[in-house]
Amino acid sequence: MSRVLPLLVFTALCGLLGFGIWWNTHHEMTEVPSPLIGKAAPDFALPFLLEPTKTLASKDLRGAPYLLNVFGSWCPTCQDEHPILTQQIKPLGIRLVGLDWRDDPEDAKRWIVQFGNPYDTLVTDRDGRTGIDFGVYMAPETFLIDADGIVRYKRIGMFTPENIRDELLPKIAELTARRVPQAAR
Amino acid sequence: MLPELGQFALILALLLAFVQCALPLYGAWRNNAALIALARPVVAGQCVFVVLAFGILTYAFLAQDFSVAYVAQNSNSTLPWYYRFPAVWGAHEGSLLLWVLILNFWTVAVAALSRRLPDVLIARVLGVLGFVSFGFLLFTILTSNPFLRHLPALADGSDLNPILQDPGLIMHPPMLYTGYVGFSVAFAFAIAALLGGELDVSWVRWARPWTNVAWAFLTFGITLGSWWAYYVLGWGGWWFWDPVENASFMPWLVGTALLHSQAVTEKRGSFRAWTLLLSIFAFSLSLLGTFLVRSGVLTSVHAFASDPRRGLFILVFLGTVVGGSLLIYALRAPKIAGGKAFAILSRETLLLINNLMFTCAAAMVLLGTLYPLIGDALGVGRISVGPPYFGFMFALLMIPVVLLMPFGPLFRWATGDWRAALRVLRPALILAIVAAAAAKLLIPDLPLRGLVGVAATLWVGIGIALYALKRWRDAPAGRRYTPEMLGMIAAHFGVALFFAGVLITEATSIERDLRFAPQETQRIGGLDFAFRGVARVQGPNYRADEGTLEVRHDDRLVTTLHPQKRQYTAQQMQSKSDIDPGLFRDLYVALGEPVGTDGAWSIRVYVKPFVRWIWLGGILMMLGGFTAACDRRFRARFSVEDAPAATAASPARVPA
């Protein structure tokens, strides 16, 4: 038995890896359910990218819903998503918080200067710990968090006009219907 | 025309790899001398064609042939000639070709240096290596052909990622690949022994120097990678537990266990199953690393562009190689434990603990790396684990290793005397405790990690020095140290330096983000940093803002640093920090951004004590690996009466 054990363990490992490939090809990567949905967003306190001496705490964001967009200057998809943030998300009037993830803040600043800043607030998570709290495993990822700090929706990968229309807008509408509409900013 | 020749050479190499695998293995089974003798010439033939293909790809880079898609994607006309070499292996296709090239070099080396070994065994070893080569060549040709044309040719290429334009990258991948591809030799020996049903363990002695050399290269490759990350990535970290780093670290951990296990099997005949399994695991983890990096199953900041077809191919190949070898192991592994008996207190037991700890550490890293995938499979969502998990778990698993390491050489085989060993080690123990206490008194706010660092370094470092001293006193001149023993002493001493580097750096570095006005001076860690402004400079394929900082200690100029922010032509920015290296502390300065309009800049300043010792330790470990591989005993002539643990072949060996 003990001589067959390594083979059995390895077969299980192969099964897991095969599952990984199958998952990547047959699943839209963006359909991964987040265990955070319906729960309070993890607390964080992170320095602002442009003013590193000041920090933003998650509770400062309470009071109105916001989108938390995880990005990095090293991430090509984030660059692709950038015009969509500027042209389609900004007009929605919801606060857009940028979380610069596992990135050199200096590179991130260059990135912002080069492409423009779509964010209302921009904080930096250099060692990626807040990203881990949020269960981020790739960038870009976006969380819709309501006025009480509860995660309502998560998007993995870049936004497209279709999923803004079909997924994000209804979720935002739900939030505003539930509460008395407030000034977005 | 040339790129087509390159592709043709690859196809010929593939066919020869098939021959190299099938015929000698069949010949060894049927005992057909002609087929057995075929192995060596075919190895040489395959190597010629792989070298040809690699040479043609390199030439395409040097000659800037942008009609080859791979060249156009990874180079451009302003790339200096010396970075066109690393550009060859800067992306997936070329690095795969490098993998195959290095595998061929190892195979040729085995074929050339094994004349004294039985032909049947070598035919099997080369056959197994041929199978690995066949798989990788097929993979290259079917899914990742580096010679594909892009017609019409592009006027210019898109550029090599600036982060890769660095002297470190010229060396890092070849060394790393030489290391983990080298484990294929130990693997091939193990499989050949299983196939042949070898009853003795003489194959272990022949495999040992190969494992040592591969391990030394891997150590060097990882050390270079860490050093490169430290000065290129611009924020002073030296290890990130990134999936790609883990992919090279897992084979290293298992390889370390394998080195020790092989020593036991060779000398005492015990641990046969361990040695067989670790040989299979070390190479399997190299293959698994290749899979993880290239399949897109895990996302990493520096993974290669992924493609599910590639992932599937490697998975099938991995399944065949590893599943096949484990099946052979299950069928043919020795059914009874061999070797000489040993007591609970003995060197064997210590090495068994070593095997267990390193294997567990590799399993722990594997689990952490695959964690997001496991989360998916169990339907709880993807969750990544990061440095906190790895750091804590790894430290936990290494505690027994650190505590027991100095005892290893001092214990005898079969039965050890812990009182005698402790008597020898007493000075190390006392010194470690006294020094930690003194450090606590001198620097009251030194964190626990720093204290542990001081104590562990002295315990391990002085412990091994005491062993060297004991040999010097006890053994007659001329037979005091065998190369194997010297290698062990160097490597273990390297471990001590490594501990000093890691724990002291982590505990005491100073990291500051500061705003410097022109001509402003600020005091950091007892040194005065004076900012002398920023100027524009022009490099071969970039322009840069270059800052100047003068560092003074008590008005004496220590150094002048010039950190840069580089703008490469293809719209990519790269920060180039400047470092004043020192044995006891590094000064590390990275240029940030202009702040305001008065010429002030934000500048990141690190003072990192003992950080060099991390890599110094790595280099000593590497030297230890190479030295041990030179031992004459491994080159002892093969003879029929050469029993597994024969002493006749090695008069210089003294049980210690």
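Every number in this text was worked out from the coordinates using simple rules, so none of it is lab data. Remember, it's a predicted structure, so these values are computed and weren't measured experimentally. Methodologically, a virtual Cβ is constructed for each residue, glycine included, from the backbone with ideal geometry; neighbour enumeration extends over all protein chains shown.
Values computed for the structure shown
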{"read-out": "Histogram of C-alpha separations across chain A, 5 Å bin width, %", "value": "1, 7, 15, 19, 19, 14, 8, 5, 4, 3, 2, 1, 0, 0"}
{"read-out": "Under the Karplus curve 6.51 cos²θ - 1.76 cosθ + 1.60, θ = phi - 60°, whole-Hz ³J(HN,Hα) for region B:256-266, x wherever Gly or Pro sits", "value": "4, 4, 4, 3, 6, 5, 4, 4, 5, 5, 5"}
{"read-out": "GNM top mover of A:48, A:71, A:19 - chain A, alpha-carbon springs below 10 Å", "value": "A:19"}
{"read-out": "Gyration tensor verdict on chain B (Cα atoms; rounded if a/c is under 1.5, prolate if a/b is larger than b/c, oblate otherwise)", "value": "oblate"}
{"read-out": "Likely footprinting exposure, B:59, A:153, B:70, fewest C-beta neighbours within 10 Å first", "value": "B:59, A:153, B:70"}
{"read-out": "For region B:441-446, 3J(HN,Hα) per residue [Karplus equation, 6.51 cos²θ - 1.76 cosθ + 1.60, θ = phi - 60°, Hz, x = Gly/Pro]", "value": "5, 5, 10, x, 9, 5"}
{"read-out": "Per DSSP, loop trypsin sites (Lys or Arg not before Pro) in region B:309-352 with at most 12 further Cβ within 10 Å", "value": "B:335, B:340"}
{"read-out": "Region B:357-480, relative contact order [Cα under 8 Å, separation at least 6], %", "value": "20"}
{"read-out": "The protein assembly as shown: antiparallel DSSP beta bridges as a percent of all, rounded to 5", "value": "85"}
{"read-out": "Residue mean of other protein chain beta carbons inside 10 Å, B:315-322", "value": "3"}
{"read-out": "Relative contact order computed over chain A (Cα-Cα under 8 Å; 6+ residues apart), in percent", "value": "28"}
{"read-out": "Number of Lys pairs (Cα under 25 Å; 8 or more positions apart or on different chains) in chain B", "value": "7"}
{"read-out": "Percent of beta bridges antiparallel (DSSP, region A:68-172, rounded to nearest 5)", "value": "45"}
{"read-out": "For residue A:141, distant residues with modelled amide H under 5 Å away", "value": "A:70, A:157"}
{"read-out": "Peptide A:124-134 - average C-beta neighbours from other chains (10 Å radius)", "value": "2"}
{"read-out": "Anisotropy class of region B:380-431 from Cα gyration tensor, a/c 1.5 cut", "value": "prolate"}
{"read-out": "Inter-chain shielding of B:350-363 (mean C-beta neighbours from other protein chains, 10 Å cut-off)", "value": "0"}
{"read-out": "The protein assembly as shown: translational diffusion in µm²/s, Stokes-Einstein, Kirkwood Rh over Cα pairs, 37 °C, 0.692 mPa s", "value": "112"}
{"read-out": "Cα gyration tensor shape of region B:330-464, rounded if a/c is under 1.5, else prolate or oblate by comparing a/b with b/c", "value": "oblate"}
